[in-house]
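Contents: one structure, followed by commentary.
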Amino acid sequence: MTTKGEKKKKEISLDRTKKDQITKKTTESGFELKPSYGPRDLQDFVYERDSGNDGEYPYLRGLYPGMYRNILWVSAQALTRETPEKSRMEQEVIWEHGAATFYFSSGDVNRTGLDPDHPLAKYDIAYSPENYSYKRMERSLQGIKLEEGIYTFHGASSQQDDVLCVAQLATIADLWGADKTKIRGSCINDPIDNMATAFSIDFPFEIGMRLHGDLTEYIVREMPTFSPFAAIAYDLWEAGCNSVQQLGIILSTLTAYHQIALDRGIPFEQVGRRATISMASSMDFFETVCRIRAARRMWARIAKERFGASDPKLCRLRIAIRTPGQTITRQQPLNNIARIGFQALAAVLGGASAVDYARHDEAFCIPSEESSMVSLALNHIIAQETGVGLTADPLGGSYYVEWLTNKLEEEANKLMKEIEDMGGILKVAESGWLRRLVNSARDERMLALEKGEQIQVGVNYFRLPDEKEPEIVEYEFDDMDKLQADLLEEVRQYKANRDIQKTRQALLTLREKAKTKENLMPYIVNCFKADATRSEILGMIREAYGYTYDTVDMIERPEFLN
């Protein structure tokens, strides 16, 4: 009994039953796990056939002998600010600290295929550089020797963005007198991803596949040290797919893209030597490690058995890993630093060729400069302090790791067989089956979170009161009203002061060529050289295929093209 004025003491429960037990006993893909694994779980495993040494077929243990002892993974960070100049200024800080990659990630306006003066773009412009013309991208590259950079274009679910970005880079290279054969980098160029995930506005699949093939052929011929496509499983994970689904879809996609190149007369020796995919890391640490290892071995076997690659080096698969934004939470945001670190560590232990870091404040705002530095420091800590890069494939030989790698490959091969039996990845993308599969995976993941079957600390487990949340210093934009007004005036001046007849001729030529089977990339480059904009270029290609000029069907064709 308490007397007046006394506070009732809070009762504290010492029952730790729930907190002292692991709540989930399956992997991300739903595999039931035993308490331990041993030799009996690998009775059919033959080292020479199924593993091999690092740098040897089937590349399970890594692409190169010694792996990171000789050369570290590429570290990349997506960073875009309001203007090319501001993006460049902050990117230089990252370059100075060991991540010398030019990472172009377009905003919603570019990805949708609109110019900044489009009515739908009114409230979205000026949050990214908006490279509507080649001259806008050129401002990001001033003072750079193009042959010395590594350029990453992340069109992802907006494949036409990659096509236009590469064309802009090629335009700048031509005008600057740079040697395009020495320009290194990669692009996603994956229209199947757009059909699978619906992360961006739908773009006609037939046009996407045409541009995919044209860009592949152009890069192989004109920019041979540039990767022509990097089928992306990162978006698949963000959309809800587990490791098996990622592997099955992405390797079916990669196989289809190489077949398209062969059908265009490009020898496998030319396109296969730069085989690349992009995948997400995840909070299932060992599935991430094993998924990366399985992908390398699966592709090595596809390259050898399906495409007849005689040189083992043609069987190597480069894998870029991004730590996913879907795992970043608004609740307890500093916990995200641990998440990003574990995900990146798993990528390195799996033998990734490149690691792209999310930032711990992404759920709140455009990442700040501070969060960029934290992610860059995580990379250096993993590389220089942990010692995980001192030997190739340090987890190789673990009974559990080898069993899980085999299991992922086995289940992914079943999915690939199912896709093949339905007519191949192009057919299931066109029919809508692929998107239904991805949407179903998304619903299952969301339901598991709601039910608490999938744990996310700070969201549905160990949730702290809101008043205990730390403050996050959000990135502050410049005066957005002024930035948007300045950009619109810049676009108006750009369109008013160009040689309109030269622009018109280049665009009309592109439209006519799009009705043929000629490669459109040289004509797209010529359009940029004639000061055409992105939406004008896409509009001409769309019209050649019988679609409306405007991607979102809101505006008419510009008067000068009538």
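Conditions (1) in a loop (DSSP other than H, G, I, E, B); (2) farther than 14 Å from ALA294 by Cβ, marked per residue:
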{"site": "PHE364", "(1), (2)": "yes, yes"}
{"site": "SER371", "(1), (2)": "no, yes"}
{"site": "ASN379", "(1), (2)": "no, yes"}
{"site": "THR386", "(1), (2)": "yes, yes"}
{"site": "LEU404", "(1), (2)": "no, no"}
{"site": "LYS414", "(1), (2)": "no, no"}
{"site": "ILE419", "(1), (2)": "no, yes"}
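Does ARG264 satisfy the criteria of being closer than 30 Å to GLN456 by Cβ and over 16 Å from the mean Cα position of the chain (by Cα)? Here the answer is no, as ARG264 does not meet what is asked. Scanning region 256-291 for residues that are among the polar types (S, T, N, Q) and within 22 Å of GLY62 (Cβ to Cβ) yields THR276, SER278, SER281, SER282, THR288. In the set (1) closer than 21 Å to LEU251 by Cα; (2) touching a Phe, Trp or Tyr at 6+ places or on another chain (Cβ under 8 Å), the condition left unmet by THR197 is number (2).
Filter region 218-239 down to the residues that are of a type outside the set (A, V, I, L, M) and within 15 Å of the chain's Cα centre (by Cα) and list them by number. Residues satisfying the conditions are SER227, PRO228, PHE229, TYR234, ASP235, TRP237, GLU238. Annotation note: Cβ proximity below 8 Å between a residue of region 161-174 that is under 9 Å from VAL525 (Cβ atoms) and a residue that is of a type in the set (Asp, Glu) (sequence gap 6+ or interchain) occurs for ALA170/GLU222. Residues in region 187-217 that are surrounded by fewer than 23 Cβ atoms within 10 Å (Cβ to Cβ) and of a type in the set (Phe, Trp, Tyr) were compared, and the one that is farthest from the chain's Cα centre (by Cα) is PHE205. Taking (1) modelled with pLDDT of 95 or more; (2) crowded, with 20+ Cβ neighbours inside 10 Å in turn, SER375 satisfies each apart from (1). When every residue of region 110-119 is checked against the conditions, none turns out to be of a type in the set (Ser, Thr, Tyr) and at pLDDT below 80. The condition of being surrounded by 21 or more Cβ atoms within 10 Å (Cβ to Cβ) and of a type in the set (A, V, I, L, M, F, W, C) holds for ALA358. Restricted to region 268-298, and to residues that are polar (S, T, N, Q) and either part of a helix (DSSP H, G or I) or on the phi > 0 side of the Ramachandran plot (or both), which residue is modelled with the highest pLDDT? Applying the filter and picking the extreme gives THR288. In the set ARG359, ARG445, only one residue is assigned to a helix (DSSP H, G or I) and modelled with pLDDT under 95; that residue is ARG445.
Taking first residues from region 393-415 that are surrounded by fewer than 19 Cβ atoms within 10 Å (Cβ to Cβ) and partners that are outside any helix (DSSP H, G or I), the Cβ contacts under 7 Å between residues at least 6 apart in sequence or on separate chains come to PRO394/VAL388; TYR399/TYR37; TYR399/GLY38; TYR400/TYR37. Checking each residue in region 353-365 for being aliphatic (A, V, I, L, M) and closer than 19 Å to GLN331 by Cβ picks out ALA358, ALA363. Within region 468-525, take every residue that is among the aromatic types (Phe, Trp, Tyr) and in contact (Cβ under 8 Å) with a residue 24 or more places away in the chain and give me the one that is farthest from SER87 (Cα to Cα). Taking the candidates together, the pick is TYR494. Filtering region 6-52 to residues that are out of contact with any strand residue (DSSP E or B) (no Cβ under 9 Å at 6 or more places or on another chain), of a type in the set (A, V, I, L, M) and modelled with pLDDT of 90 or more leaves LEU42, VAL46. Give just the number: which of (1) over 19 Å from the mean Cα position of the chain (by Cα); (2) touching a residue at least 12 places away in the same chain (Cβ under 8 Å); (3) part of a loop (DSSP other than H, G, I, E, B) does ARG301 not satisfy? The one condition ARG301 does not meet is (3).
The values are calculated or read from the model by the stated rules, or taken from the named source; none is laboratory data. Quick caveat, the model's predicted, so the values are computed rather than measured. Every residue, glycine among them, receives a Cβ derived from its backbone with ideal geometry; neighbour counts consider all protein chains shown.
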